[in-house]
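Comments concern the structure below.
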Amino acid sequence: MLTTPARGTRDISRVMAEFIVGLKAGEIPSDAVAVAERGTVDYFTVAIAGSIEPGMTALVKYVDRIYAGGVDLLLTGAKKAAEAAAMV
């Protein structure tokens, strides 16, 4: 059983990363691959469509005022702080 790192056990992120690194493509059920593909396509189509919505423009302006520098936004390449990039 996994517990918190404070109790001396491994971090859940490390456990997940080790599992993923050791996973072979043939071990993933085809149903799971299909769901992951569908989810990925859905994410990008919604992100692209939403990127031109008026609400997104307002959110990006807000983020520009509040946060500085950081990571690149997916569709625009603009730099934002990681927590701000997660919002847009």
- [ ] Please enumerate the residues belonging to segment 13-46 that are among the charged types (D, E, K, R) and not in a loop (DSSP other than H, G, I, E, B).
- [x] R14, E18, E27, D31, E37, R38, D42
TODO: List every residue pair whose Cβ atoms sit under 7 Å apart, with the two residues 6 or more apart in sequence or on different chains, where the first one lies in segment 43-64 and is surrounded by 11 or more Cβ atoms within 10 Å (Cβ to Cβ) and the second, anywhere, is in a helix (DSSP H, G or I) and of a type outside the set (A, V, I, L, M).
DONE: M56/G50
TODO: Go through the residues of segment 32-39 one by one and say whether even a single one is surrounded by 11 or more Cβ atoms within 10 Å (Cβ to Cβ) and at pLDDT below 85.
DONE: no
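The values are calculated or read from the model by the stated rules, or taken from the named source; none is laboratory data. Predicted model only: the values in this text are computed from it and were never measured. Here the Cβ is made from the backbone with ideal geometry for all residues, glycine too, and neighbour counts use every protein chain on show.
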